[in-house]
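Okay, so here's the structure we're looking at.
No lab work stands behind these numbers, since they all come straight from the coordinates. Just so it is clear, the structure is predicted and the values come from calculations on it, not from any experiment. Neighbour counts run over all protein chains shown; Cβ positions are idealised from the backbone, glycine included.
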Amino acid sequence: MAISTIFQKIINKEIPANIHYEDELCIAFDDIRPQAPVHILLIPKKEISSHREVGEDDQSLMGHLIVKAKEIALKQGLKEGWRLVVNTGNDGGQTVYHIHIHILGGRPMKWPPG
């Protein structure tokens, strides 16, 4: 049985979120602890706990997320660039176990991160 995460509750509209985009496969909303002027989370509606769990049958879904991340970034006015981040596991900084892409922008990003 899947564990209901805060993201699943947002998908189910059980808790509110500032939604930027939604379709039958995914939903994008503001991060509650933004790390940049623009910090949006893009998640699939399919429950996948982390990048580690992505399978061959998820290729189309993951491609969809990458394309939508670009569209969302551009709609947010991030014409000079943005960063996409997928944290995986404890050492990767993952805190919610439902795969998600962080769309970060609105300021210059530094390297290395973390």
(request) Give me the angle, in degrees from 0 to 90, between the Cα long axis of helix 59-75 and the longest principal axis of the Cα atoms of the chain, rounded to the nearest 10. (result) 40
(request) Express in nm, to one decimal, how much length is gained between Asn90 and Glu53 on full extension, taking 0.36 nm for each residue of separation and deducting their alpha carbon distance. (result) 11.9 nm
(request) Please state the charge dipole magnitude for region 1-109, taken about the Cα centre, from unit charges on C-beta atoms (+1 on K and R, -1 on D and E), reported in debye and rounded to the nearest 20. (result) 400
(request) Find which of Ala69, Gly106, Gly93 sits farthest along the positive direction of the dipole of region 55-114, computed with +1 on the beta-carbon of Lys and Arg, -1 on that of Asp and Glu, about the Cα centre. (result) Gly106
(message) Can you give the log10 of the normalised intensity I(q)/I(0) at q = 0.13, 0.15, 0.16 Å⁻¹, computed with Debye over equal Cα scatterers of region 52-105?
(response) -0.37, -0.49, -0.55
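Cα-Cα pairs above 15 Å in region 1-80: how many percent? If you can, show how the numbers build up before the last one.
On the way: 1881 of 3160 pairs.
Counting pairs separated by more than 15 Å, the tail of P(r) holds 60 percent.
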(message) Considering only C-alpha atoms, what is the centroid distance from region 48-81 to region 94-114, in Å?
(response) 13
